[in-house]
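J.: What follows is a single structure, and I will ask about it in a moment.
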Amino acid sequence: MTISSNTRIAVVTGASSGIGEATARTLAKQGFHVVVGARRLDRLEKIAKEIEGTALELDITDQDSVDAFTAVLPRVDVLVNNAGGAKGLAQIIDADLDDWQWMWDTNVLGTLRVTKALLPKLIESGDGLIVTVTSIAAVSIYDNGSGYTAAKHAQAALHRTLRGELLGKPVRFTEVLPGAVETEFSLVRFDGDQERAEKVYEGITPLVAMDIAEVIGFAASRPSHVNLDQILVRPRDQADATRFHRTT
Ligand code: NAP
């Protein structure tokens, strides 16, 4: 990567769609050189070209991939731990171990891998920021959702622990907890079943990815003594994880 040494770099994981893509666009507008990471390189390259950033293939569940990704970054000022998602909806009695494994590998261990690798560079920047996109599933549970709620609780515990462990170091920690955002999230959760995915947002006005990206951009543009610890954002039509006002 060849960029001037005084350009601030923001790394966004899971930037090939949804919240990550919108966040990359927002941070680029704020003047960051944005490094976008995910598995679908073709999408990343298109986005990176549009925002004059850098596209790098990244699978956060694979240590070698994370090592290769982090090794080429000359500096890191902002890390957005966004890559993640859900698989399936099932009662614990019917839990699919593969789905649980995917959710833990991606949301929890993936966040750990990337964060651990980039912390030295974030500290070295003298004014680092880590934003972790957890979920309202990190503060509440719901029937059939335990694989995801358990993983998001764990991801949040990791992020919140760092806030204390790095107290006194020049790094801020912001946790963003979205409610329903219409992205590819439900399509992934329901294994590509478009009809089932669309039902999640039927009769409500959900958030869009840019609603969350703007919140992340706001956190990233506060003066360095201001730490926005937790920001929970839901659509007006959603009161908690399973309570919606639907017009249909
Ligand atoms: P999305 O459109 O499905 O985006 C998920 C992103 O994660 C994609 O860019 C995907 O890219 C990436 N990803 C998945 N596995 C990965 C891996 N192993 N390595 C690297 N990247 C990986 O969904 P989204 O709604 O924007 O989700 C972003 C975050 O918000 C997730 O952490 C999700 O849990 C959280 N969230 C979403 C909602 C919602 O309602 N949408 C609500 C609360 C929280 P590739 O497939 O190209 O790798």
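The values are calculated or read from the model by the stated rules, or taken from the named source; none is laboratory data. All values derive from a computational prediction rather than experimental measurement. Cβ sites come from the backbone with ideal geometry, for glycine too, and all protein chains shown count toward neighbours. When the accessible area is computed, the model is the full protein with side chains, heavy atoms only, and any ligands, DNA or RNA have been set aside. Shrake-Rupley method; radii C 1.70, N 1.55, O 1.52, S 1.80 Å.
J.: From GLU184, GLU175, GLU202, which residue is in contact (Cβ under 8 Å) with a residue 24 or more places away in the chain and crowded, with 18+ Cβ neighbours inside 10 Å?
T.: Among GLU184, GLU175, GLU202, only GLU175 is in contact (Cβ under 8 Å) with a residue 24 or more places away in the chain and crowded, with 18+ Cβ neighbours inside 10 Å.
J.: Any idea which residue in the stretch 149-173 is farthest from the ligand (Cβ to nearest atom), counting only those that are among the small types (Gly, Ala, Ser) and over 18 Å from PRO223 (Cα atoms)?
T.: It comes out as GLY164.
J.: Please go through the stretch 7-56 and pick out each residue that is surrounded by fewer than 16 Cβ atoms within 10 Å (Cβ to Cβ) and under 17 Å from the mean Cα position of the chain (by Cα).
T.: Once the filter is applied, which keeps residues that are surrounded by fewer than 16 Cβ atoms within 10 Å (Cβ to Cβ) and under 17 Å from the mean Cα position of the chain (by Cα), the stretch 7-56 yields only ARG40.
J.: Let me ask you something else. Pick out the one residue from ALA239, ALA156 that is small (Gly, Ala, Ser) and either touching a residue at least 24 places away in the same chain (Cβ under 8 Å) or open to solvent by less than 20 Å² (accessible area, probe 1.4 Å) (or both).
T.: ALA156
J.: How many residues does the stretch 18-34 hold that are part of a loop (DSSP other than H, G, I, E, B), touching a residue at least 40 places away in the same chain (Cβ under 8 Å) and more than 22 Å from ALA68 (Cα to Cα)?
T.: The number of residues fulfilling the criteria is 1.
J.: Can you find, within the stretch 212-227, the residue that is nearest to ILE19 (Cα to Cα) among those that are assigned to a helix (DSSP H, G or I) and among the β-branched types (Val, Ile, Thr)?
T.: Out of the qualifying residues, it is ILE212.
J.: Applying the selection to the stretch 119-148, what residues are within 16 Å of the ligand (Cβ to nearest atom) and surrounded by fewer than 22 Cβ atoms within 10 Å (Cβ to Cβ)?
T.: Across the stretch 119-148, the qualifying residues are ILE136, VAL139, SER140, ILE141, TYR142, ASN144, GLY145, SER146.
J.: Tally up the residues in the stretch 1-22 that are under 15 Å from ASP77 (Cα atoms) and either among the charged types (D, E, K, R) or within 13 Å of the ligand (Cβ to nearest atom) (or both), please.
T.: Number of matching residues: 4.
Rundown of residues vs (1) among the β-branched types (Val, Ile, Thr); (2) over 13 Å from ALA83 (Cα atoms); (3) at pLDDT below 95; (4) in contact with a Ser or Thr (Cβ under 8 Å, 6 or more places away or on another chain), yes/no style:
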| position | (1), (2), (3), (4) |
| --- | --- |
| VAL11 | yes, no, no, no |
| SER16 | no, no, no, no |
| ILE19 | yes, no, no, yes |
| GLY31 | no, yes, no, no |
| ARG40 | no, no, no, yes |
| ILE51 | yes, yes, no, no |
| ALA55 | no, yes, no, no |
| ILE60 | yes, no, no, yes |
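J.: Which ones in the stretch 182-202 are assigned to a helix (DSSP H, G or I) and touching a helix residue (DSSP H, G or I) at 6+ places or on another chain (Cβ under 9 Å)?
T.: Once the filter is applied, which keeps residues that are assigned to a helix (DSSP H, G or I) and touching a helix residue (DSSP H, G or I) at 6+ places or on another chain (Cβ under 9 Å), the stretch 182-202 yields PHE185, SER186, LEU187, VAL188, ARG189, GLN194, ARG196, ALA197, GLU198, LYS199, VAL200.
J.: Filter the stretch 205-228 down to the residues that are under 15 Å from the mean Cα position of the chain (by Cα) and charged (D, E, K, R), then identify the one that is surrounded by the fewest Cβ atoms within 10 Å (Cβ to Cβ).
T.: Checked the stretch 205-228; the qualifying residue surrounded by the fewest Cβ atoms within 10 Å (Cβ to Cβ) is GLU214.
J.: Go through the stretch 1-23 and give me each residue that's of a type in the set (A, V, I, L, M, F, W, C) and more than 17 Å from ASP127 (Cβ to Cβ).
T.: MET1, ILE3, VAL12, ALA15, ILE19, ALA22
J.: Tell me, please, whether a residue that is open to solvent by 30 Å² or more (accessible area, probe 1.4 Å) and without any contact (Cβ under 8 Å) to a residue 40 or more places away in the chain can be found in the stretch 72-88.
T.: no
J.: Specify which of the listed residues (ASP59, ASP96, ASP67, ASP105) is over 18 Å from the mean Cα position of the chain (by Cα) and either under 18 Å from THR132 (Cβ atoms) or within 14 Å of the ligand (Cβ to nearest atom) (or both).
T.: Going through ASP59, ASP96, ASP67, ASP105 in turn, the sole match is ASP67.
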